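The values are calculated or read from the model by the stated rules, or taken from the named source; none is laboratory data. Not measured: the values here are computed from a predicted model. Don't worry about glycine lacking a Cβ; one is built from the backbone with ideal geometry, like all the others, and counts go over all protein chains shown. Side chains included, ligands, DNA and RNA excluded: accessible areas come from the protein's heavy atoms. Shrake-Rupley method; radii C 1.70, N 1.55, O 1.52, S 1.80 Å.
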Amino acid sequence: MITGEKYRITAITGRLIRLEWSDSGLFTDEKTQMVVCRDFDDPDYRHYTEDTWEVIDTGDLLLRYDGREFSPQGLMVDVRSMGTTWHYSVVYGNSDKNLFGTARTLDETDGYVRLDNGIFGQDGYAVLDDSRSAIETEGGFASRKADGLDIYFFGYGQDFRAGLSDFFSLCGKTPMIPRYALGNWWSRYYRYSADSYRRLLDEFDEEDIPLAVAVLDMDWHVTEVDPEYGTGWTGFSWNRELFPDPDGFLAELKDRGLAVTLNLHPADGIRAFEDMYPEVARDMGVDPASKKSIEFDFSDRRFRETYFDKVMHPYEKAGVDFWWIDWQQGTGCEGDVDPLFLLNHYHFEDQRDRGRRAMIFSRYAGPGSHRYPVGFSGDTHATWKSLNFQPFFTSTASNIGYGQWSHDIGGHMLGDRDDERLTRWVQFGVFSPIMRLHSSCSPFFNKEPWTLDRPYRDIIGRYMRLRHRLIPYLYSMNYLAHVEGRMLCEPIYYICPHIGEAYKVEGEYTFGTELLVGAITAPSDHELRMASANMYIPEGRYYDIFSGTIYEGGRRMNLYRGIDDIPVLLKSGGIVPLAADGSRATENPRKLCILAGYGSDGSFTLYEDDGLTMEYESGHKVTTTFELEISADGDAIVTIYAADGDLSLIPDRREYEIILYGVECDKKKLSATYGDEGYKVNYDDKMRTVTVILPEDAVDVDRSVRISGIRKGSNPVESRIFEILDRAWISTLQKERCFDVYHESESIDEFRRALEGTELDETLKGALKEILG
């Protein structure tokens, strides 16, 4: 730390520097709303004076400072890995070409919104301002007394992993969320009764669509109140006309395997019509006979303790798992601590202090909010523009460590009915951090799958079942986010930072460590009857898990899909564990399906625990490692190592289905063996996959299967061309002529050149080129 009368400069790491200026000479050492730990190992650095300049050289960064009030000419930092220099600027966003972080809300938006800054920039640096965030005190949080500036310089170049690792050390880890949160949520702003909600759940059962979380919007509580109390927006008492037996209703939801959350708009406090008002009033020193409203004030410790003890805890004992904190009243008055931050912090800590695995559902309250998942992005318009923005918004939030956004899948309000758009939104939702359908109370705004025409009804049902199959993979990523700071959805440039094209594909993102996803966010072309996702495919070999299409990487291209699917690519050497069926989200499944990408060695570790408590911190967890090895002669050896840890948490025996992508074979030579034992093996020529079923066996032993008689596959070009042409709404003569050109061409390159000379629409040409490689 280098100090002067009015400044402090601290090299926290070799690439993270804290810069403070205070006219009064007062500085902040307390935890803040954003920062919870500055106690890092001392970095290697040199400090020296050069003429009138203070110089700090960490090896990665070179800081020069003139000792005066911060200015562009007097404070600068060189980032050696990028060959760039940052100059202090009052408007930080104009000085660093920031790659952005996230925003407080998407409420009432129709497409793009301005995002706050993240910790990375195109020039290799970014600055976070912590000057105005609240400080933590013995009694809670308070506005800062210190004046001036308190900013953090992140100079990580393109080392995104290291930058996030240090950010989480500085600002706190991302907590583990309960396993059920990764399943399907049903939510709608609708005046449900206990009976109508039962019928709703029965319909989902009949459609064989699993749910994990039941969300009850504000009509769970009394909303029609005497005008003397104001509006019914705030409420804490069950509407017993709709829910005559609340405890019984909650118990029934539990019997169905559902977690429960209730909506809160707490701004109007506890008023005299509430069931718990007398107790709350007495605790707050108010005569209940006065009917004086108990003002909502989360900065008041006495109010907080009463609020949790007399209002929240009884509901939680009855079966409410977490709260949807729907705060829409802004950041408070000048000098106040943001009420949204206080709500998020204290709701989360109240659960954790009682030994629960805490989770809330609320809006983003600035840097540091990742400590309080899950994020509610707000009430967006139901339009293609809104859908188009959300994949970028979701992955870019990784740049501020915020990895658990939940959107109103399908949009919340306005817009129009468009079943194709809803289907594309659900497909994105299944491959996003939280899958939650939600909408307004309009009788014309229905997202129940059985209200839709086919094929949309069937596709949405299939994807929602897939979401629950993905939970073993998602939960392993949940753990990885907690221990390593890896977000589920990250920008593609995290894995290929030196490729300029990777920064331009806003609808593409990594989905965990093994998959790439291209969200489709625009309507299908009328003639082609397909839509596309623009993706950069990194170097290597990738396989679409739905179609089996094989891609050689190192290029940016459009990937075309019919309404049935979106591009989801498994890397060579990638391994993805799925549940064999859509079992309850909370269960560790007995049967697993392993997707593996042929061509490279790889491994993946499945993480499991009880999904609900904090016992994993005491070692009550299980890991199972899967390994893929490609031998010198091209055989694929898949090994499932013995489960390690508390085996009481998982079934004692498991059955496995292994699906290996990207291969061709001579079916007569194809075999799958373990020692002297042979297994049933099937080859799908269209998908270019081999499937092996391993019978049930104990989880505490190693298992391995060798798949022989295979080789690296290529796309079945002719059949794929036929599929695209057959699907298209163009003239039969055009189809025949194009197919003839393919057969007349002596090579793929010749067909590609000949294709340019045809009169086919450019979009159709693009779809055909995609499969040519």
Yes or no: residue 58 at negative phi, of a type outside the set (A, V, I, L, M) and either in contact (Cβ under 8 Å) with a residue 60 or more places away in the chain or open to solvent by 30 Å² or more (accessible area, probe 1.4 Å) (or both)? no
Long-range neighbours under 7 Å by Cβ, at least six apart or interchain, first residue more than 28 Å from residue 540 (Cβ to Cβ) within region 566-586, second open to solvent by less than 10 Å² (accessible area, probe 1.4 Å) and charged (D, E, K, R): 585/179; 586/179
In this structure, is residue 10 more than 17 Å from residue 145 (Cα to Cα) and surrounded by 13 or more Cβ atoms within 10 Å (Cβ to Cβ)? yes
Kindly indicate whether residue 379 is in contact with an Asp or Glu (Cβ under 6 Å, 6 or more places away or on another chain), over 22 Å from residue 474 (Cα atoms) and touching a residue at least 12 places away in the same chain (Cβ under 8 Å). yes
Among the helices (runs of 4 or more DSSP H) lying completely within region 247-366, list those that include at least 3 residues that are in contact with a helix residue (DSSP H, G or I) (Cβ under 6 Å, 6 or more places away or on another chain) and open to solvent by 10 Å² or more (accessible area, probe 1.4 Å). 277-283
Checking the structure you have, find out if any residue of region 568-581 is more than 26 Å from the chain's Cα centre (by Cα) and open to solvent by less than 40 Å² (accessible area, probe 1.4 Å). no
Filtered residues of region 112-139 (kept if outside any loop (DSSP other than H, G, I, E, B) and either of a type in the set (S, T, N, Q) or farther than 14 Å from residue 400 by Cβ (or both)): 135, 136, 137
Residue 226 is checked against (1) free of Cβ contacts under 8 Å to residues at least 24 places away in the same chain; (2) farther than 20 Å from residue 316 by Cα and fails just one. What number does that condition carry? (1)
Could you tell me how many of the residues in region 608-647 are of a type in the set (Ser, Thr, Tyr) and surrounded by 21 or more Cβ atoms within 10 Å (Cβ to Cβ)? 2
Hey, does region 357-375 have a residue that's in contact with a Ser or Thr (Cβ under 6 Å, 6 or more places away or on another chain), farther than 21 Å from residue 237 by Cβ, in contact (Cβ under 8 Å) with a residue 24 or more places away in the chain and of a type in the set (S, T, N, Q)? no
Does region 192-201 contain at least one residue that is open to solvent by less than 40 Å² (accessible area, probe 1.4 Å), at pLDDT below 95 and more than 20 Å from residue 360 (Cα to Cα)? no
Being farther than 30 Å from residue 56 by Cα and open to solvent by 10 Å² or more (accessible area, probe 1.4 Å) is true for just one of 141, 100, 168. Which residue is that? 141
Can you pull out every residue in region 367-381 that is part of a loop (DSSP other than H, G, I, E, B) and either at pLDDT below 95 or not hydrophobic (A, V, I, L, M, F, W, C) (or both)? 367, 368, 372, 373, 377, 378, 379, 380
Taking residue 237 and the conditions (1) touching a helix residue (DSSP H, G or I) at 6+ places or on another chain (Cβ under 8 Å); (2) surrounded by 15 or more Cβ atoms within 10 Å (Cβ to Cβ); (3) closer than 30 Å to residue 198 by Cα, which numbered condition does it fall short on, given that it satisfies the others? (1)
Mind listing just one residue for me: the one in region 416-433 that is crowded, with 20+ Cβ neighbours inside 10 Å and not in a helix (DSSP H, G or I) and, of those, nearest to the chain's Cα centre (by Cα)? 433
Could you check region 487-508 and list, in sequence order, the residues that are part of a helix (DSSP H, G or I), open to solvent by less than 10 Å² (accessible area, probe 1.4 Å) and closer than 18 Å to residue 389 by Cβ? 492
Taking first residues from region 745-757 that are among the small types (Gly, Ala, Ser) and second residues anywhere that are open to solvent by less than 40 Å² (accessible area, probe 1.4 Å) and not in a helix (DSSP H, G or I), the pairs with Cβ under 8 Å that are 6 or more apart or on different chains are 754/745
Strands (runs of 3 or more DSSP E) wholly in region 512-566 with at least 1 residues that are open to solvent by 20 Å² or more (accessible area, probe 1.4 Å), under 13 Å from residue 492 (Cα atoms) and of a type in the set (S, T, N, Q) - which ones? 531-537
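Yes or no, residue by residue, for (1) of a type in the set (Asp, Glu); (2) closer than 29 Å to residue 398 by Cα; (3) touching a residue at least 24 places away in the same chain (Cβ under 8 Å); (4) part of a loop (DSSP other than H, G, I, E, B):
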site: 435; (1), (2), (3), (4): no, yes, yes, no
site: 443; (1), (2), (3), (4): no, no, no, yes
site: 450; (1), (2), (3), (4): no, no, yes, no
site: 454; (1), (2), (3), (4): no, no, no, yes
site: 465; (1), (2), (3), (4): no, yes, yes, no
Would you please name the residue that is most open to solvent (accessible area, probe 1.4 Å), looking only at residues in region 753-773 that are touching a helix residue (DSSP H, G or I) at 6+ places or on another chain (Cβ under 9 Å), in a helix (DSSP H, G or I) and over 17 Å from residue 556 (Cβ atoms)? 756
Output the qualifying pairs, or none if there are none: Cβ atoms under 9 angstrom, residues six or more apart or on different chains, first residue in region 260-275 and without any contact (Cβ under 8 Å) to a residue 60 or more places away in the chain, second residue open to solvent by less than 10 Å² (accessible area, probe 1.4 Å) and of a type in the set (Lys, Arg). none
